[in-house]
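Heads up: the structure comes next, in structure tokens.
The values are calculated or read from the model by the stated rules, or taken from the named source; none is laboratory data. Here the structure is a predicted model, which is why all the values come from computation and not from measurement. Cβ placement follows ideal geometry from the backbone for every residue including glycine, while neighbour counts extend to all protein chains displayed. SASA here: full protein model, heavy atoms, side chains in, ligands and nucleic acids out. Shrake-Rupley method; radii C 1.70, N 1.55, O 1.52, S 1.80 Å.
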Amino acid sequence: MLILKCPYCGVACDETELDAGGEAHLTRHGPGSSDNAFEEYMFMRENPRGVHFERWRHAYGCGKWFHAARNTSTLEVFGTYSAQVIEPPKDIREAISAKVPGWRWRDFA
Amino acid sequence: MSEAVSALAGSSAHGFVDVTEAGLVGMVTIRGDYGNTEFRDKVATLLGLNVPDQRQMTTGGTDKLLWMSPDELLLVCPHGEADARVGALSAGLSGVHHLAVNVSDARAAFCVKGTASGVREALAKLSPADLRASVLPVGEVRRTRLAQVPAAIWLESEDRAMVVCFRSVAGYVFDLLTQASKPGSEPRYF
Ligand SMILES: [Zn+2]
């Protein structure tokens, strides 16, 4: 069972109180972009065993979207953070590095 | 003017806790930016209640103001006064980005009353929320899920909880609470 803390309410939410929103920190490529860039944006996703960044929505609560950093193989949660950022904040990256030295995810490390 | 009726007309059930549909309850959804002091000050002046801190509520006279999200408050007041509250808020907050809507008839409210442990146990059977007293003390609002539908719950006192849900699922929530409080089914966890 996955328990994520909503950064807006500060409550520990059970997975079943949340909606999963898929991979985090995607850059949108819309009209006018190249076919390759659009394909990347639309279809290509990370599927790591280990460190992963996701979007979640506190559906049975405040209704807000937020970000979560977690380990897909151990279900350890490194932290949750605001949706209003385009990359994982420093404290989250440091929390991951403390547990998984040398981790990489897309362009983040 | 038609006669207002609550979803289940005050139905009640008696198990190891008493479940009662709370009848007509006035509820007003207020949305706005808590970071805007003008919004906070005007809401406080208009309602006579301070904007509550995260997950908390403020109480005064017949009204309660509940923190529902970083930009949503729920005012609980006498049913007949909800429209007047909306009128006062809309007039007083004109020019300040906000929303105030009377949602009384879109909601149902239940009272769950019994022993302190019984109240927490009946609710904990239905919700994944951590309902220990150290996590959900009296007066703190928890929005969560009761079986398959959203609900907001809070304890008015150790032996009395309030449950608010959408009116369309009032019958479902009443049946859930009735079933969860069946005598002899206490988990005896709390
Ligand atoms: Zn939340």
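Worth pointing out:
- Criterion violated by B:LYS113 - all others in (1) over 18 Å from B:LEU74 (Cβ atoms); (2) without any contact (Cβ under 8 Å) to a residue 60 or more places away in the chain; (3) assigned to a strand (DSSP E or B) satisfied: (2)
- In the range B:112-127, the residue that is nearest to the other protein chains (Cβ to nearest Cβ) out of those that are open to solvent by less than 20 Å² (accessible area, probe 1.4 Å) and under 26 Å from B:GLU72 (Cβ atoms) is B:SER127.
- Leading residue by the ranking (nearest to the chain's Cα centre (by Cα)) among those in the range A:37-62 that are within 14 Å of the ligand (Cβ to nearest atom) and part of a loop (DSSP other than H, G, I, E, B): A:HIS58
- Considering residues of the range B:39-81 that are within 16 Å of the ligand (Cβ to nearest atom) and of a type in the set (Asp, Glu) only, the residue nearest to the chain's Cα centre (by Cα): B:GLU72
- Every test in (1) aliphatic (A, V, I, L, M); (2) open to solvent by 10 Å² or more (accessible area, probe 1.4 Å); (3) within 14 Å of chain A (Cβ to nearest Cβ); (4) assigned to a strand (DSSP E or B) is passed by B:ALA100 save one, and that test is (3).
- Of all residues in the range A:47-73, those that are under 19 Å from B:GLN148 (Cα atoms) have Cβ atoms under 6 Å from Cβ atoms of residues that are within 16 Å of the ligand (Cβ to nearest atom) and charged (D, E, K, R), 6 or more apart or on another chain, in A:ARG57/A:ASP19; A:HIS58/A:LYS64; A:ALA59/A:ASP19; A:TYR60/A:GLU17; A:TYR60/B:ARG145; A:GLY61/B:ARG143.
- The set of residues from the range A:54-101 being under 13 Å from A:CYS13 (Cα atoms) and surrounded by fewer than 14 Cβ atoms within 10 Å (Cβ to Cβ) is empty.
- Listed by first and then second residue, the pairs with beta-carbon distance under 6 Å, at least 6 apart or on different chains, first residue in the range B:137-150 and free of Cβ contacts under 8 Å to residues at least 40 places away in the same chain, second open to solvent by 50 Å² or more (accessible area, probe 1.4 Å) and within 16 Å of the ligand (Cβ to nearest atom), are B:THR144/A:TYR60; B:ARG145/A:TYR60; B:PRO150/A:TYR60.
- Test for B:SER94: is it away from every other protein chain (no Cβ under 14 Å), of a type outside the set (A, V, I, L, M, F, W, C) and part of a loop (DSSP other than H, G, I, E, B): yes
- Selection of the range B:14-68 for residues being closer than 18 Å to B:HIS79 by Cα, within 14 Å of chain A (Cβ to nearest Cβ) and crowded, with 19+ Cβ neighbours inside 10 Å yields only B:LEU66.
- Boolean, A:ARG28 is open to solvent by less than 60 Å² (accessible area, probe 1.4 Å) and either touching a residue at least 40 places away in the same chain (Cβ under 8 Å) or over 11 Å from the mean Cα position of the chain (by Cα) (or both): no
- Residue check, B:ASP105 touching a helix residue (DSSP H, G or I) at 6+ places or on another chain (Cβ under 9 Å), open to solvent by 60 Å² or more (accessible area, probe 1.4 Å) and outside any loop (DSSP other than H, G, I, E, B): yes
- Residue ID - farthest from A:GLY63 (Cα to Cα), chosen from residues in the range A:76-109 that are of a type in the set (S, T, N, Q) and free of Cβ contacts under 8 Å to residues at least 24 places away in the same chain: A:SER97
- Every residue from the range A:1-36 that is on the phi > 0 side of the Ramachandran plot, within 16 Å of the ligand (Cβ to nearest atom) and more than 8 Å from chain B (Cβ to nearest Cβ): none
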